[in-house]
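> Below is one structure. I have some questions about it.
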Amino acid sequence: MLLKPENGALPIPQAEGEKDGGRDGETQALTASQKEVPSPLLQETPMEDLGARREEGAVDSTITPKGARTLAAKALARRRAYRRLDRTVAELVQFLLVKDKKKSPITRSEMVKYVIGDLKDLFPEIIARAAEHLRYVFGFELKQFGRKHHTYILINKLKALEEEEEDLGGDGPRLGLLIMILGLIYMKGNSARETQVWEMLRRLGVRPSKYHFLFGYPKRLIMEDFVQQRYLNYRQVPHTDPPECEFSWGPRSNLEISKMKVLGFVAKLHKKEPQHWPVQYREALADEADRARAKARAEASMRARARARARASDRAGICPW
């Protein structure tokens, strides 16, 4: 069961390290570039980002030292702007969830005043990314019902992965959190360091050891519920100094949750097709084939048992109905 939210005033989030007067350059850097910002699921060690950074850092031999410094400064400004945009999206998600507890409509002006600030020109992108996180992670849909005044409400409606939701007691937010962790593990090669999981949660605006009104204490939920219920495995990584631990899919996840559905979830977050990750896609296809074969064997076994019972009834002269 989820704990009830603590009563208190509505928080006014503020991004870390922001200084008055230092925002215009970041806003311009974000507006000028159309580069897609990755979701928290793949931000830590993506090969695409690594290549992009090499390109940013590469300097043509014909460029003067002053030109090289200018290019480096622009690249640094873009990276800082992307990080700030990520923080703003995470803060807006938490703001909307807190406001929804009062079941009152949420206006665009409130979002701009308390969270978005001078990034208001990027409101469409920020609200779109926040809506994706709300739907796929927390099980809420963000609906606009007053276009004139830009008024929004949240609807508790998790559409994806209906079968697995029942296995978690129909708890949409808990399911969303579990699927996020399973997705991270899958995209990291079927294991993820404990520090990577906690960092992913922080990028979503969820602090592992701090009370969250949807999850309670997230770290306790993961370690005591998901691990003990065998949705996740947790073990120490051999030969690490200082010792490190990692998560992997537990036996219940392997039995109950399709890798193709998790990959589809990741693809939706990144607005790509599952085939964009060929290694994971091939593994998911193999998993689907294994599941289909196991299902066919189970159905054949059931039919064989039914026929055997029918023959036994016929021999005994018993009417099966």
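> Just one of (1) open to solvent by less than 50 Å² (accessible area, probe 1.4 Å); (2) touching a strand residue (DSSP E or B) at 6+ places or on another chain (Cβ under 7 Å) trips up GLN280, so point out which.
(2)
> Go over the candidates GLY189, GLY176, GLY170 one by one and state the one that is at pLDDT below 90 and at positive phi.
Working: GLY189 fails: at pLDDT below 90; GLY176 fails: at positive phi.
GLY170 is the lone residue from the list that is at pLDDT below 90 and at positive phi.
> I've got another one for you. Go through the stretch 199-229 residue by residue and tally those that are outside any helix (DSSP H, G or I), under 20 Å from HIS133 (Cβ atoms) and among the hydrophobic types (A, V, I, L, M, F, W, C).
The number of residues fulfilling the criteria is 5.
> Considering only the stretch 64-107, how many residues are of a type in the set (Ser, Thr, Tyr) and either surrounded by 15 or more Cβ atoms within 10 Å (Cβ to Cβ) or assigned to a helix (DSSP H, G or I) (or both)?
If we filter the stretch 64-107 for residues that are of a type in the set (Ser, Thr, Tyr), which is where we start, we get 64, 70, 82, 88, 104, 107.
Keeping just the survivors that are either surrounded by 15 or more Cβ atoms within 10 Å (Cβ to Cβ) or assigned to a helix (DSSP H, G or I) (or both) gives 70, 82, 88, 107.
Residues meeting the conditions: 4.
> What number of residues within the stretch 205-260 satisfy the criterion of being closer than 16 Å to GLY183 by Cβ and among the small types (Gly, Ala, Ser)?
4
> Yes or no: ARG129 among the basic types (Lys, Arg), at pLDDT 85 or above, in contact with a Phe, Trp or Tyr (Cβ under 9 Å, 6 or more places away or on another chain) and open to solvent by less than 80 Å² (accessible area, probe 1.4 Å)? Break it down stepwise before answering.
Numbers: among the basic types (Lys, Arg): yes; at pLDDT 85 or above: yes; in contact with a Phe, Trp or Tyr (Cβ under 9 Å, 6 or more places away or on another chain): no; open to solvent by less than 80 Å² (accessible area, probe 1.4 Å): yes.
Taking the combined requirement at face value, the residue does not satisfy it.
> Residues of the stretch 235-268 being without any contact (Cβ under 8 Å) to a residue 24 or more places away in the chain and more than 21 Å from HIS133 (Cβ to Cβ), which ones?
ARG235, GLN236, PRO238, HIS239, THR240, ASP241, PRO242, PRO243, PRO251, ASN254, LEU255
> Right, something else. Pick out the one residue from LEU201, LEU182 that is farther than 17 Å from ASP287 by Cβ and touching a residue at least 12 places away in the same chain (Cβ under 8 Å). Before the answer, list the steps.
Details: LEU182 fails: farther than 17 Å from ASP287 by Cβ.
Going through LEU201, LEU182 in turn, just one is farther than 17 Å from ASP287 by Cβ and touching a residue at least 12 places away in the same chain (Cβ under 8 Å): LEU201.
> Okay, next question. Looking at VAL266, VAL237, VAL206, which is the one that is β-branched (Val, Ile, Thr), at pLDDT 90 or above and open to solvent by less than 30 Å² (accessible area, probe 1.4 Å)? Let's see the steps before the verdict.
Details: VAL266 fails: at pLDDT 90 or above; VAL206 fails: at pLDDT 90 or above.
Criteria check complete, one pass: VAL237.
> Which of (1) of a type in the set (A, V, I, L, M, F, W, C); (2) part of a strand (DSSP E or B); (3) open to solvent by 70 Å² or more (accessible area, probe 1.4 Å) is the odd one out, the single condition PHE247 does not satisfy?
(3)
The values are calculated or read from the model by the stated rules, or taken from the named source; none is laboratory data. Just so it is clear, the model here is predicted, and its values are computed rather than measured. Positions of Cβ are backbone-derived with ideal geometry, glycine not excepted, and every protein chain shown enters the neighbour counts. For the accessible areas, the whole protein counts, side chains as well, though only heavy atoms, and no ligand, DNA or RNA atoms are used. Shrake-Rupley method; radii C 1.70, N 1.55, O 1.52, S 1.80 Å.
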